[in-house]
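Where a number appears in this text, it was derived from the coordinates with a stated rule and is not lab data. Every value quoted in this text rests on a predicted model; they were computed, and no experiment measured them. Cβ placement follows ideal geometry from the backbone for every residue including glycine, while neighbour counts extend to all protein chains displayed.
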Amino acid sequence: MAREKSEMPADDSRKRDFEVFFRESYSRLYYYALHLIPDPELCKDILGESYFYLWQHIPDFRPDTALTYMYTHVHNLCIDHIRRAKRQAVHTASYLHMLQEWNADEHRESERRITIIMELIDHMPPMTRTVMEKCYIEKKLYREVAQEVNLTESGVRKHVMKGLDIIRRFFSVKYKKRQ
């Protein structure tokens, strides 16, 4: 027990030294980090991480070398952050480029399909073509189309089903041939 009591004052002394060191060095280290990384919140996080690391190793704390150590530690954390940010920027740019290519390819494929569908509609029987154009190009309701072309709603539905069947058959055959 005598040993524990003699260690406690030394431990308290280190904690006081740490506290004094913290107060005296925080702003200098903060502005040093801010010089490397122009993000105040990130700099505070880096300093918090550095001081926390130092606190975890309080038994090894030496006030005479602590400032040099902290400058090095903060510097290394800032450099690590800059490297990660650059790597992330490269990955983000690569992803965006890939996404743009994919969207362009998707758009070209969509345009190609629309062109084919329009050609298929042009070659449908006249009443089916008229019903398909009014329902899908002019976006009219079956009831409106039925009144315009003198059919029942059921008749319009049958022409739509016939037109969609023509389109489905064309694409299912084309896709099966690709596979």
Measuring from label point to label point, each 7 Å out along Cα→Cβ, what is the residue 65 to residue 122 span in nm? 8.3
Kindly rank 28-36, 113-121 from highest to lowest mean number of other beta carbons found within 10 Å of each residue. 28-36, 113-121
If you take percent of Cα pairs over 23 Å apart from the coordinates, which of (i) 68; (ii) 56; (iii) 42 do you get? (i)
What nm distance separates the two modelled labels at residue 100 and residue 58, each placed 7 Å from Cα along Cα→Cβ? 5.4
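Subtract the Cα-Cα distance of residue 112 and residue 23 from 0.36 nm times their separation in residues, and report this length gain in nm to one decimal.
Working: separation 89, 0.36 × 89 = 32.04 nm, distance 6.81 nm.
Between residue 112 and residue 23, full extension yields an extra 25.2 nm.
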Theoretical ellipticity at 222 nm over the chain - DSSP helices of four or more residues, -39500 (n - 2.57) apiece, nearest 500: -30500 deg cm²/dmol
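By how many nm would the segment from residue 39 to residue 136 lengthen if fully extended, with 0.36 nm per residue of separation less the alpha-carbon distance?
Details: separation 97, 0.36 × 97 = 34.92 nm, distance 5.31 nm.
Roughly 29.6 nm would be gained on extension.
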Note, residue 51: beta-carbon cut-off 12 Å, +1 each Lys/Arg, -1 each Asp/Glu, net -1
Compute the angle between helix 40-56 and the longest alpha-carbon principal axis of the chain, please, reported from 0 to 90 degrees and rounded to the nearest 10. 50
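Can you bin segment 97-179 into rounded, prolate or oblate? Criterion: square roots of the alpha carbon gyration tensor eigenvalues sorted a ≥ b ≥ c, rounded for a/c under 1.5, prolate for a/b above b/c, oblate for the rest.
On the way: a/c = 3.17, a/b = 1.93, b/c = 1.64.
It is prolate, given that a/c is not under 1.5 and a/b is the larger ratio.
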Cα centroid of segment 88-143 to Cα centroid of segment 66-85, whole Å: 52
Equivalent ellipsoid semi-axes for segment 51-155, as square roots of 5 times the alpha carbon gyration tensor eigenvalues: give them largest first, rounded to whole Å. 73, 17, 7
Here D for segment 71-119, in µm²/s, from Stokes-Einstein with a Kirkwood Rh over Cα pairs at 25 °C and 0.890 mPa s, works out to 177
